[in-house]
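The structure appears below as structure tokens.
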Amino acid sequence: MKRFLILLPLLASLSACIVVYRPDVQQGNEVTAAQVAQLKQGMTRTQVRFVLGTPLISDPFHPDRWDYLYSLRLGRSSQVETRRVTVYFKSDVLERIEDRLSNATP
């Protein structure tokens, strides 16, 4: 009985040291600042697709707009980093780029 009473606090302290692994969660198209820097006005849709990849959202109601969305939540952190890159075309040529990066805590 005495051994049990001695081992009980030891086991309780060891169980408090166990950490549950939580993997990083990535969603969407990862678009880096270097990729965005490669984009130039006047590029064709094919050239933009080569640099950024296939858009995550290609809206049939706005065919001249492509959206690239990306979010990253690091393991045990509650902070979420999001990036939204939107490219606009006019006559199948790149007209402008919007790049928004934000850090949010849900």
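Any residue in segment 58-65 that is modelled with pLDDT under 80, in a strand (DSSP E or B) and open to solvent by less than 100 Å² (accessible area, probe 1.4 Å)? Yes, the conditions are met somewhere in segment 58-65.
Please work out if Arg76 is open to solvent by 50 Å² or more (accessible area, probe 1.4 Å) and either in a loop (DSSP other than H, G, I, E, B) or at pLDDT below 90 (or both). Yes: the conditions hold for Arg76. Residue count for segment 39-57, restricted to those that are charged (D, E, K, R) and assigned to a helix (DSSP H, G or I): 2.
The values are calculated or read from the model by the stated rules, or taken from the named source; none is laboratory data. These numbers come from a predicted model, not from an experiment. Each accessible area value is taken on the protein alone, full model and side chains, heavy atoms only, with ligands, DNA and RNA left out. Shrake-Rupley method; radii C 1.70, N 1.55, O 1.52, S 1.80 Å.
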